[in-house]
Amino acid sequence: MQEEHLLEKIIDIAKDCGGILLSASDIERKIHQKAGRGNFVTDYDSRVQAILKSRLLELVPGAAFLGEEDRMDCTDISKGYAFIVDPIDGTANFTRNYHASCISIALALDGCPILGVVHNPYLEETFYARKGKGAYLNGEQIHASDRTLAEGLILFGTAPYDEKLIRRSFEVAYRYVSRAEDLRRSGSAAIDLCMVASGRAEFFFELALSPWDYAAGALIVEEAGGFVSDLQGRPLTYDHRQTVTARAPGVELLDVSDLLESSMS
Ligand code: IPD
Ligand code: CA
Ligand code: CA
C-alpha cells in the first residue's frame, strides 16, 4: 500500500479509537494499578491496544508491534516495519475525565519512524506526518515556532512513575523556565510534542519516556521543522526508555549536566 494511503487508514483507525475514549463510561471501576507511583491502566487502554494491534497489522501484515499495555507485544523493532503505539497517552487524565489524552501511532522502518499520528479526540485534533513530507493538523500544514527561549513557553513531563526523577525534573524545568516566558504540564507527552510541532510552545522535555510516548510525536516535530534529541543533544532512538526533548529551531539546549550527574546515563 502507498504510504499516503496507509497514513489515511491509520488516521481512520486512530479516530475510531478516539470514539471509544469519548464514549467511555464508568471509568473509575475499570482502573488497575501498575508498577510505579500513580501509574494506572484502564480496561480502555487494553481494549484500544487490542483494536490497534489487529487493525494495524491488517494494514501491514508481518510488521512488528510495540505497544505499552501488553508486554507480549514488546518486540524487536530494529528491522523492517514496526508499529509503536500508545493506546491512550494521558491515562491519568483519562481516569479523571480531564480531557487531555490521545492515541499515538507510529510506523517505523528499520528502527526509525516514517509515519506518525497523534489524535486528540477531545479537541478533534489529528496531528500527523510522513517522513520528508511535512507535518499537518487536520489537513493544514504546521510549523514549529520561530520564537527564542526568552519568548518561549516551556512544557515538561514530571517522569511521574520514577520517584527519583521528580525533583530533578523540576530542577531542569526551573533552569529553562527562568530563562523563558512561562511553563505548562499537560499530562500527555504525545500532545506536548504536537504543541511544539504546531508552534504553540517552544520547548518540551521529560527525563524518562518510552518509545510509545514519543515515536509519533517526535516525527511530527521534525517534519514541522523542530528538533528532537535527548537532553544532551544526542539523537533519539526508539528501542529503550530515555530522556526526550523537542524544541523550536530558535531554542538552544541548556547545559544541565550538573543537574543530571549520578542520576542517569
Ligand atoms: C504518560 C504521559 C505523561 C508523562 C508520563 C507518560 P501514559 O503516559 O505521557 O505526560 O509524564 O511519563 O508515561 O502513562 O499516560 O501513557
Ligand atoms: Ca504514554
Ligand atoms: Ca499509555
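Any residue in the range 201-214 that's without any contact (Cβ under 8 Å) to a residue 40 or more places away in the chain: show its pairings with residues that are within 12 Å of ligand 3 (Cβ to nearest atom) at Cβ separation under 7 Å, as long as the two are six or more apart or on different chains.
Hits for this filter: TYR214/ALA189.
Just a yes or no: is a residue in the range 52-61 part of a loop (DSSP other than H, G, I, E, B), surrounded by fewer than 14 Cβ atoms within 10 Å (Cβ to Cβ) and modelled with pLDDT of 95 or more?
Checking the range 52-61: at least one residue is part of a loop (DSSP other than H, G, I, E, B), surrounded by fewer than 14 Cβ atoms within 10 Å (Cβ to Cβ) and modelled with pLDDT of 95 or more.
Being at pLDDT below 85 and within 15 Å of ligand 3 (Cβ to nearest atom) is the filter here; which residues of the range 28-51 pass it?
LYS30, ILE31, GLN33, LYS34, ALA35, GLY36, GLY38, ASN39, PHE40, listed by residue number.
What are the pairs with Cβ atoms under 8 angstrom where one residue, in the range 75-87, is on the phi > 0 side of the Ramachandran plot and without any contact (Cβ under 8 Å) to a residue 60 or more places away in the chain and the other, located anywhere, is assigned to a strand (DSSP E or B) and surrounded by fewer than 24 Cβ atoms within 10 Å (Cβ to Cβ)? Sequence gap at least six, or different chains.
GLY80/ALA64; GLY80/LEU109
Somewhere in the range 137-151, is a residue assigned to a loop (DSSP other than H, G, I, E, B), without any contact (Cβ under 8 Å) to a residue 24 or more places away in the chain and closer than 30 Å to LEU7 by Cα?
Looking for residues that are assigned to a loop (DSSP other than H, G, I, E, B), without any contact (Cβ under 8 Å) to a residue 24 or more places away in the chain and closer than 30 Å to LEU7 by Cα, one finds at least one in the range 137-151, hence yes.
From TYR176, TYR161, which residue is over 20 Å from SER104 (Cβ atoms), over 15 Å from the mean Cα position of the chain (by Cα) and of a type in the set (Phe, Trp, Tyr)?
TYR176
So, in the range 76-113, of the ones that are of a type in the set (S, T, N, Q), away from ligand 2 (no atom under 11 Å from the Cβ) and under 24 Å from ASP16 (Cβ atoms), which residue ends up surrounded by the fewest Cβ atoms within 10 Å (Cβ to Cβ)?
ASN97
Residue check, THR237 against (1) touching a strand residue (DSSP E or B) at 6+ places or on another chain (Cβ under 8 Å); (2) touching a residue at least 40 places away in the same chain (Cβ under 8 Å); (3) of a type in the set (Val, Ile, Thr); (4) outside any helix (DSSP H, G or I), all met but one. Which one?
(1) is the only condition that THR237 fails.
Is there a residue in the range 8-19 that is in a loop (DSSP other than H, G, I, E, B), within 24 Å of ARG130 (Cα to Cα) and under 17 Å from the mean Cα position of the chain (by Cα)?
No: the range 8-19 contains no residue that is in a loop (DSSP other than H, G, I, E, B), within 24 Å of ARG130 (Cα to Cα) and under 17 Å from the mean Cα position of the chain (by Cα).
Go through (1) of a type outside the set (A, V, I, L, M); (2) assigned to a loop (DSSP other than H, G, I, E, B); (3) in contact with an Asp or Glu (Cβ under 9 Å, 6 or more places away or on another chain) and name the single condition THR75 misses.
Going through the list (1) of a type outside the set (A, V, I, L, M); (2) assigned to a loop (DSSP other than H, G, I, E, B); (3) in contact with an Asp or Glu (Cβ under 9 Å, 6 or more places away or on another chain), THR75 breaks only (3).
The values are calculated or read from the model by the stated rules, or taken from the named source; none is laboratory data. Note that the structure is a prediction, hence the values are computed from the model and not measured. All Cβ positions, glycine included, derive from the backbone under ideal geometry; neighbour counts span all protein chains shown.
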